[in-house]
Structure formats: structure tokens, C-alpha cells
Number of protein chains: 2
Amino acid sequence: MASGEMFDKAETLALRGKLIGPTCRLFFPNDPIKMVRAHGQYMYNEAGEKYLDCINNVAHVGHCHPDVVAAASKQMETINTNSRFLHDNLVAYAQRLAATLPPSLSVFYFVNSGSEANDLAVQLARRYTGNYDVMVMDNGYHGTTALLMDISPYKFKQADSSGKKDWVHVVPAPCTYRKIFEEDNIDLGKAYADEVKKQLGNLKASGKMIAAFLAESLQSCGGQVIPPEGYFQRVIEHVHQAGGVFIADEVQVGFGRVGSSFWAFQLQHGFVPDVVTMGKPMGNGHPLACVVTTAAIASSSSIEYFNTFGGNPVSCAVGLAVLDVLEKEELLKNAKIVGAHLIATLHKLQSRHPIIGDIRGTGLFIGVELVLDRETKEPATAEAQHVIVRLKDERVLLSTDGPARNVLKFKPPMCFTKADADFVTTKLEHILTDIENIGRHGTSDSGIESGIKEPDVSLPGIQENHHSGRKKQRRMADVGHQAKDDFSSINWISHDLASQPQVSNIVK
Amino acid sequence: MASGEMFDKAETLALRGKLIGPTCRLFFPNDPIKMVRAHGQYMYNEAGEKYLDCINNVAHVGHCHPDVVAAASKQMETINTNSRFLHDNLVAYAQRLAATLPPSLSVFYFVNSGSEANDLAVQLARRYTGNYDVMVMDNGYHGTTALLMDISPYKFKQADSSGKKDWVHVVPAPCTYRKIFEEDNIDLGKAYADEVKKQLGNLKASGKMIAAFLAESLQSCGGQVIPPEGYFQRVIEHVHQAGGVFIADEVQVGFGRVGSSFWAFQLQHGFVPDVVTMGKPMGNGHPLACVVTTAAIASSSSIEYFNTFGGNPVSCAVGLAVLDVLEKEELLKNAKIVGAHLIATLHKLQSRHPIIGDIRGTGLFIGVELVLDRETKEPATAEAQHVIVRLKDERVLLSTDGPARNVLKFKPPMCFTKADADFVTTKLEHILTDIENIGRHGTSDSGIESGIKEPDVSLPGIQENHHSGRKKQRRMADVGHQAKDDFSSINWISHDLASQPQVSNIVK
């Protein structure tokens, strides 16, 4: 066993199968990775093998950043108590965050997770507006509480879920690749916003009002959807006219990931949400999240909000250290430069590989959508799964997402370099070439003779509309079996550990 | 300013009023305390003044325990990532917790707060049973998510709340002091359990089933209610017969606080809940919480549960260190011995001070209920508030709770000593004597000539039934003005910082 290990890998896995909720899934359940050490954009397994991490957006300024660790350690040995006592860290941190936001977003609530943040945001909206209903984007995911499961199409559309509640209203994701409109050359920002307006009008006609329109500034689990310019600016007008507030979920995409601005909502020129929620990258792995809103919304309720750990001096010290590192190491600039380089390289790949249907993103938030046919845009789901399994063998961590799980998703630590980008794109091109050779000749240059086998994995539920126009002869595997399975923010091949053998049968 | 301070106290307070949600309340808002350092059972303000902490049950093994800090620091610099990778800490911690629990409670879900734990527990119960409704104890409080606000009478009975939902069912708290039964010498455990049976019968008759009965093993915010022996054993039978599961909320009372057992539910002989939730003391201040349940309940859903921070290696390292300290320092034994000593001393005070109506508790979870009259049991709410304000001036942190906020609540760090207990009871007796002198003569031995003034605070909403039989001449203040105010798990005198002057006008 490696230094520091308590159990060998097989024993860790066996204990996990016995002791941990079976719905808490592993990456690569057939051959999961045991990570024992991490630094910057690299993670190391128990054998000391180094993985390039392209997915852990939580380790925002790099795994185990020494400045963040030092700040946490120092504060932990001094005082860590609840926010019913005065402490400088709480207000200093709020002050620093306020400086990144439009002036109207000035009142902070500190919590422990993006789920707590989104749940509280909806509660604030309900109290402020007096309304109950919530409008969300299709395929959106907002967290794990009962309320958030109810308003996340990503969850409630699963077979095992209780389905959509009548107070939840879903508008199309404003996707510029899979457009819902027949016409070309239309103003997509306006067209998609008109869909919101139309639904709000229908609701009004039936006597309903919404408390909130809740959407990620860039849709993450939904498949890296970047809304067209002008969309949010129009949506917020419609939402206000309908008596609701606009909640921008920056849990996955905030804190400079997009490179050109600190918050992803700022990509939409002049747009200012009524509430912003933040989480994942905020504490570089420490449980820290936040809701910020306007003074008017904050003062609309008198019911005390006490969060035991929220805003404690240690969490705030960690949050402050993350902001310091972002500045000191100019990580927004890095995200912008490295992200642009990665996107440019991916476009070169696209010119050589028809399977790449779309590349979209900004900074270090990038999606690469794989399709079987550029015209029909049929999702290359199995191929996308194959890519991430192959990359894992090459010690690169990448994930897929989107309703058809066919979008390769880059969201690495912000210290990711051009060399890292080149490393992964070189590997990726090799794998795509192999896939094309199999599609063309039933063989690959990696020596697989009989084509790519069906991976021994349960694939997620795929939406019906993505199956139309399927070209069976080009598919790597028939997706959709065990389709009741459900994948969260990072949707890797996974299944119930407790009930499935842990034998790897993945094509290599 | 003290070393390490960024702002002087007035500036911290001003920034807080501007930047932090006004419903996030301070202890003693008229004269809040700025804490800059803490160790063991002591906290220190910016002037270096030392406070004895009788209330911070989160700092379970003592503020800033060096073993816990060291474990966190070491793990933070090694790796901190999500539970989709294998890591030993997760399974080692689950294994250690399992050893404290009955064998049927064997499947763990790690989360970041008691709120996340209770919310998930109800979701699990709903999926397992297929039912939706929830039954809770009157005055119960279970957390901050939308779901938990809906099922916490402590919250939804507040004037500003949206009230009780029709899927929420409330049974009487099984209080042995304020009994709901006329008869003497009855089996209270059976009698209170029969109330649950009766309500479940009524629900069944109207075609309703419950998903869960959710209760704290010992009711904390509800006023330190200790259920009579035999209560939970009978309730779980009734709940099972009605198709529901029993969720024991140990967020406030678990991890050995009761002294004689590791979990408070174990005080009820042979009782085994279906689900147990844990939180506050679990990480000694680090955001760490958990749901444990049976294999049957855990395997009843296939919807993935992914909690970004839940069960990360740092949280688990902290949790393991807390368990180690509990063992190494024999803190359960300490809680039992010191708790018994404190209760014995309080009983001596009770024999001399008629205002002490009831003393109840076990280990270091103790409530002292103050009443204006031992026969009518009219709550001495203002007196209880006065006690905690006076104790604060004596640098002792104590709080009040219960629906009438007249229960003094002891829940100190587990390293609390007999000397600490003697220190606070000596101060308490002096204050009670003063109060009695004022009641008797309109003056006190602290030199207040004209009786005790109305404190410049907003007092919490008091339930109507506690006002019956009020003896006006003996009350210190007319409670109930600004009664829309709402107080959470520790209910100190507090009000909206943003809208109220911060001038202290508290009687000393």
C-alpha cells in the first residue's frame, strides 16, 4: 500500500460498497480511481500515477493550494464559531465579493453548499414576491434538496423521479447549436426570450405568477449551453413584468472561470440579476457557498435565517485566500489565454474530425459536442463515453454532460496551462481517429479487431428526441439500456456499486 | 485594535449591518460580542476578555482542539476532492460511525449540514415509502431548507411564515413537565405515543399515509424536552404500521452529549430508528453532517445523490479526529460526571428559588425552565432573557429556548468541568436572588432602584396558551411586542441589525 493508505484499493472499494449509499456513485465504477494526493491541476493515485485533471472546477485555484491551506489552518487554530458573534472575516469577505458585483447586489448570506444557496434563493424570492411557482431552463440542475430536485429537469425527468410538479415551469435551454427555431438568421437572444415571455403570458392567463426564474448563467450539466447575447437582458424584463425575480446560478461557472469577467452573467452586456448564488469553486474544496441579493429582497422577510456553519471565520478565511490567489496568480487572465488556445486547437480538430459537431465555451468552461452526423446532429453518446474511458487510461480526467451525455466538458483548475491543453487535445485526436477507423473499417489502429464492444456500463437516460434519425451501423453501443440511471453534475459511466460486479470490461 | 483584527468593533458592526442579510441575527444585537479567539470551553473578545461558553455544542471537543486542527491541516495539504474517487477517509469514517450504531443502521450519506441531512432523510423516506406526508413534534426545528422550514413548527408557527402545509402533521411534544393529560400517575410514554397512534388513525381514515415521523431524540429548540421512557419504542411501531419510517434527528444531541450513550435515541431502551441524521458537533465546527439508514431504505431509489463537498477527505479526517478525541479524553464520561454535578447543583438552586420550575436533561444537555408560578407554570420569559443578559455581563454565555423562551439551555463543549459548572451556577444564583428581590421589593441588591426596566430588545413570538394566568405585577417586561420576530436554535434577544440602532439599554 502507498504511504498514508489505510486499506488497499480492493478493500476500500469493498467497504465503500457496504457502507456508502449506493446512489453516491463513483467515476468509472468498473475500474474506479483511488486518489491519494493532488497538487495544482494534477491528481495522483495510490500507485503514484499522475492524472491531468480537466474537470475539477471545485479545486479552482489548484488542488491543495498552499496559500489556501495556510489560511484555513491559521484560522482553525484561532477561532471557528457561528455568525451570531461578530467576526472580521465575515464582513471582510462580503466586502471583497461585493467589489466583484454590480452595486445593487450587496446583501450576503453565507451557506455551506450550492444546494443550500439555491434553496435559500428560491425561499427569498418566494417571500419577496409572495408567489410560489418557479421557472427554470430545460435540462437545468440546481442541487440536491427536495425543493431543488423538484425544479431541476435534469433530475425530475429521470424515470425514477416523481416527475414535474405543477408549480414548476420549464422553458427551452437557449442553445445556439440545437436551435428550436426553423428560421435561419433570426435574433436567437430575442427568440428564446420570447419563449419565456409566451410562457409567462400563458401562466398569467391561468392566474399564475412566478416567484423566480432560476437559471445557470451558462448551463453546465445541461450541456455547456452558452445563451445568445441579449437573452438574459430580455428575460429579466419579462420576469419582472410577471412579478418574479431573476436568480442567476453561478455555482459552477462563477469566480472568473469564463476568463473575461468575474461572473458568467456579466458576459451578457449590462445584465444584472436580482439574486446570484455561488458555490463549488468558492472555497477551493472547503464547503462554502453564498447567496447575494438586493437590499429590497433581503429586507422582505423577518424570519431568522441561521446557518450553523455558514460564514464561519474559517470558511471566510478560505474564501478570502481563494480571491487573493486568483488575483496574485492572474488566473482570470490565464483562463482567458489558455481557454482561447484550447478552443482554437479544438477547432483545428473539428476541421479534421466530423464527429465534433460543436465547440462552445469561454475561458476554461468549454464543451465539445460529439455527433454521429453533422446534419442530423444525432448525439454520439457511446463515442463520448468511449473517449473519456480511453482518456482515463491515458491518465487524463475528462467528463461528459448534456441531456444525451455527448458533450465533452472541460472545466479544469484555473492554473491549467497551454501545455496541459496540448496534452489532452493530442490524446483526444488520437482517440477520435481510432473511433473513425472503427466506424469506417470495423477496426482501429490500437489493434482492436472486432470493432468497439459495448462498454460494460449503464448509460444514462437519454431523451427520446435525441434518438430520431439514429444511424445504427455507426453507433458504438446501443444506449439507453438501464436508462433509469441518473447522472449528476459530472456524468460519467457509473452504476450501482453495491449490486454490480467491479470487473472492468471497457474497450481499450 | 487587537492583534489580527482588520476593523475595530464599531466598524465590523457597521459593515455587518450593510453587507449581511438582516435575518442573520446576532447574539445581543444591542451590544454584540466580537470574538477573536477561542480554546476549549472559553472564548475571548477583542479586548482579551474571557467568556465561559455554556452553549456552543458545535465546538464539541472544545474550540480549536489541536488534534482536530492538525488532522484537517494535514489532509488539506494532501488531497481534498469529491467522493466520486475512492478515498480511505470516507470508508474509515463510515466504519467508525457504524461501530457506534445498531447494526441495521449501516449505509451512510455524507453531507455538509444538519439541514442537508434532514432534507435528504425525508427524501429517502418518501422514495422508500412512496408517501409524501411528514409527521413532526410540536415546536420542533429541523433546519433551513424550504422542505425543513415547512415541517418545523418552530418556524411555520411564526407570524411571518406561510403556516402549516396540509401534508404536515403535528403531534404534541412528549413533555413530562407541561403534560397535556389531566390524569396523574399515567404511563406518559404510552399516553403520548397514543396521541401519535390516534393522529395516524385519523390520517388513515382520510386516506392519507405518512412518509416519515421526524423528531429530535431530545427536543432542543423546543425547550429541552426529554421524552418519557417507552415513548419512541411505541411510536415507531405505530409509524411502521402506518407505512412510514422513523427519522431520529441527532443533529444537536448526538456524539455522546448525553453522557451515558453515544446517541440520544439510545436513552430509550432498545429503540432503533430507521434513519438517523447527525450534524453540528460532528466536525467540531467544520461543515460536516450525515444521514445513516438501513440497506433497505438506501436501496429503494436509483436517483443519483451527488454532494459536491459531502464526504470529502478533509471533512472525514476532521470527523475521525473528533471521534479520536472523544475516546482519548473520555469525554462521554466527563459529560456524564459533570452533567450530573451540574444537575445536582441546579436542584439545590431550585430548592431555594421558586422561579426554577423544572430541571431536565442528561449529560451536558440540560434545560432549566423558569416560571412565575410553580402551580400555573406561567413562563418567566422576560426573567429568562434577563438572566442571559446578566450572565453575559459576567462573561458567561448561556441561551434560552422553548416556545416561551423561558428555558435556560446548557449545551457546552464536552470538556466543560465541574469548576465551570460551579462558576455558572454561582453567578446564576446571584442573578435569581436579584430577580426575586425585584419581584418582592421593586428593587435589587445590584442597586437598581426602580425595578427592572423593559429591555430594549424585540422579544420572540410567544404562543398564546403560555400567557394565560399571567401575573402582571411579577413580570419584568411585557413580552410579545414585535412578536413577529423569530428565533432559531439558540434564541437570544435579537433584532434586525440593519434597521435598529445598536445602543445598549439592557438592564444591568
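The values are calculated or read from the model by the stated rules, or taken from the named source; none is laboratory data. Remember, predicted model here, so these are calculated numbers, not experimental data. FYI the Cβ positions are ideal-geometry reconstructions off the backbone, even for glycines, and counts take in every protein chain you see.
Taking region B:86-105 as the search range and keeping residues that are among the small types (Gly, Ala, Ser) and either under 23 Å from A:Leu147 (Cβ atoms) or more than 7 Å from chain A (Cβ to nearest Cβ) (or both), which one is surrounded by the fewest Cβ atoms within 10 Å (Cβ to Cβ)?
Step one: list which residues in region B:86-105 are among the small types (Gly, Ala, Ser), which gives B:92, B:94, B:98-99, B:104.
Adding the requirement that they be either under 23 Å from A:Leu147 (Cβ atoms) or more than 7 Å from chain A (Cβ to nearest Cβ) (or both) leaves B:99, B:104.
Working: B:Ala99: 9, B:Ser104: 15.
Out of the qualifying residues, it is B:Ala99.
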Of the residues in region B:341-363, those that are touching a residue at least 40 places away in the same chain (Cβ under 8 Å) and among the hydrophobic types (A, V, I, L, M, F, W, C) number 5
Which condition breaks for A:Asp67 when tested against (1) touching a Gly at 6+ places or on another chain (Cβ under 9 Å); (2) surrounded by fewer than 24 Cβ atoms within 10 Å (Cβ to Cβ); (3) over 30 Å from B:Ala121 (Cα atoms)? (1)
Residues in region A:363-377: is at least one closer than 21 Å to A:Asp53 by Cα and among the basic types (Lys, Arg)? no
How many residues of region B:5-15 are within 31 Å of the chain's Cα centre (by Cα), at the interface with chain A (Cβ under 7 Å from one of its Cβ atoms) and at pLDDT 95 or above? The answer is 4
Which number in (1) in contact with a Lys or Arg (Cβ under 7 Å, 6 or more places away or on another chain); (2) surrounded by fewer than 19 Cβ atoms within 10 Å (Cβ to Cβ); (3) more than 10 Å from chain A (Cβ to nearest Cβ); (4) not basic (Lys, Arg) marks the one condition that B:Ala159 misses? (3)
Please pick out the residue among A:Ser73, A:Ser83 that is over 11 Å from A:Ala317 (Cβ atoms), within 7 Å of chain B (Cβ to nearest Cβ), among the small types (Gly, Ala, Ser) and crowded, with 17+ Cβ neighbours inside 10 Å. A:Ser83
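Let's see how each residue does on (1) at the interface with another protein chain (Cβ under 7 Å from one of its Cβ atoms); (2) part of a strand (DSSP E or B); (3) touching a Pro at 6+ places or on another chain (Cβ under 8 Å):
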{"site": "B:Ser3", "(1), (2), (3)": "no, no, no"}
{"site": "B:Gly17", "(1), (2), (3)": "no, no, no"}
{"site": "B:Cys24", "(1), (2), (3)": "yes, no, no"}
{"site": "B:Phe27", "(1), (2), (3)": "yes, no, no"}
{"site": "B:Val36", "(1), (2), (3)": "yes, yes, no"}
{"site": "B:His39", "(1), (2), (3)": "no, yes, no"}
{"site": "B:Tyr44", "(1), (2), (3)": "no, yes, no"}
{"site": "B:Gly48", "(1), (2), (3)": "no, no, no"}
Residue list for region A:134-174, filter: within 16 Å of the chain's Cα centre (by Cα) and under 23 Å from A:Val368 (Cβ atoms): A:Met137, A:Asp138, A:Asn139, A:Gly140, A:Tyr141, A:Pro153, A:Tyr154, A:Ala173
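Taking A:Asp67 as the residue in question, decide whether it is within 8 Å of chain B (Cβ to nearest Cβ), of a type in the set (D, E, K, R) and touching an Asp or Glu at 6+ places or on another chain (Cβ under 8 Å). Steps first, answer last, please.
Values: within 8 Å of chain B (Cβ to nearest Cβ): no; of a type in the set (D, E, K, R): yes; touching an Asp or Glu at 6+ places or on another chain (Cβ under 8 Å): yes.
In short, no.
Any idea which of A:Gly285, A:Gly279, A:Gly319 is more than 8 Å from chain B (Cβ to nearest Cβ), among the small types (Gly, Ala, Ser) and within 22 Å of the chain's Cα centre (by Cα)?
Values: A:Gly285 fails: more than 8 Å from chain B (Cβ to nearest Cβ); A:Gly279 fails: more than 8 Å from chain B (Cβ to nearest Cβ).
Only one candidate passes the filter, namely A:Gly319.
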Go through region A:288-297 residue by residue and tally those that are more than 10 Å from chain B (Cβ to nearest Cβ), farther than 18 Å from A:Ser83 by Cβ and either in contact with a Lys or Arg (Cβ under 7 Å, 6 or more places away or on another chain) or not in a loop (DSSP other than H, G, I, E, B) (or both). 1
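Test B:Thr277 against the stated conditions and say whether it is crowded, with 21+ Cβ neighbours inside 10 Å, within 27 Å of A:Asn82 (Cα to Cα), at pLDDT 95 or above and in contact with a Leu (Cβ under 7 Å, 6 or more places away or on another chain). Give the derivation first.
Working: crowded, with 21+ Cβ neighbours inside 10 Å: yes; within 27 Å of A:Asn82 (Cα to Cα): yes; at pLDDT 95 or above: yes; in contact with a Leu (Cβ under 7 Å, 6 or more places away or on another chain): no.
In short, no.
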Condition (residue is part of a helix (DSSP H, G or I), of a type outside the set (Lys, Arg), farther than 23 Å from A:Ile226 by Cα and touching a strand residue (DSSP E or B) at 6+ places or on another chain (Cβ under 8 Å)) applied to region A:413-423: is it met by at least one residue? yes
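Just checking, does region B:68-87 include any residue being among the aliphatic types (A, V, I, L, M) and not in a helix (DSSP H, G or I)?
Just the residues of region B:68-87 that are among the aliphatic types (A, V, I, L, M), to begin with: B:68-72, B:76, B:79, B:86.
Retained after the next criterion (residues that are not in a helix (DSSP H, G or I)): B:79, B:86.
Yes: one or more hits.
Would you confirm whether or not region B:325-339 contains a residue that is part of a strand (DSSP E or B) and either in contact (Cβ under 8 Å) with a residue 60 or more places away in the chain or among the hydrophobic types (A, V, I, L, M, F, W, C) (or both)? Steps first, answer last, please.
As a first pass, look at region B:325-339 and keep what is part of a strand (DSSP E or B): none.
Among the residues of region B:325-339, not one is part of a strand (DSSP E or B) and either in contact (Cβ under 8 Å) with a residue 60 or more places away in the chain or among the hydrophobic types (A, V, I, L, M, F, W, C) (or both), which makes the answer no.
Okay, residues lined up against (1) assigned to a helix (DSSP H, G or I); (2) hydrophobic (A, V, I, L, M, F, W, C); (3) touching a helix residue (DSSP H, G or I) at 6+ places or on another chain (Cβ under 6 Å):
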{"site": "B:Asn118", "(1), (2), (3)": "yes, no, yes"}
{"site": "B:Gly143", "(1), (2), (3)": "no, no, yes"}
{"site": "B:Ala159", "(1), (2), (3)": "no, yes, no"}
{"site": "B:Lys164", "(1), (2), (3)": "no, no, yes"}
{"site": "B:Cys175", "(1), (2), (3)": "no, yes, no"}
Just to be sure, is A:Phe423 crowded, with 24+ Cβ neighbours inside 10 Å, among the aromatic types (Phe, Trp, Tyr), at pLDDT 95 or above and out of contact with any Asp or Glu (no Cβ under 7 Å at 6 or more places or on another chain)? no
Among the residues that make up region B:125-132, is at least one of them among the small types (Gly, Ala, Ser), under 17 Å from B:Phe246 (Cβ atoms), in a loop (DSSP other than H, G, I, E, B) and modelled with pLDDT of 95 or more? yes
Checking the structure you have, find out if any residue of region B:181-190 is out of contact with any His (no Cβ under 6 Å at 6 or more places or on another chain), surrounded by fewer than 16 Cβ atoms within 10 Å (Cβ to Cβ) and of a type in the set (A, V, I, L, M, F, W, C). yes
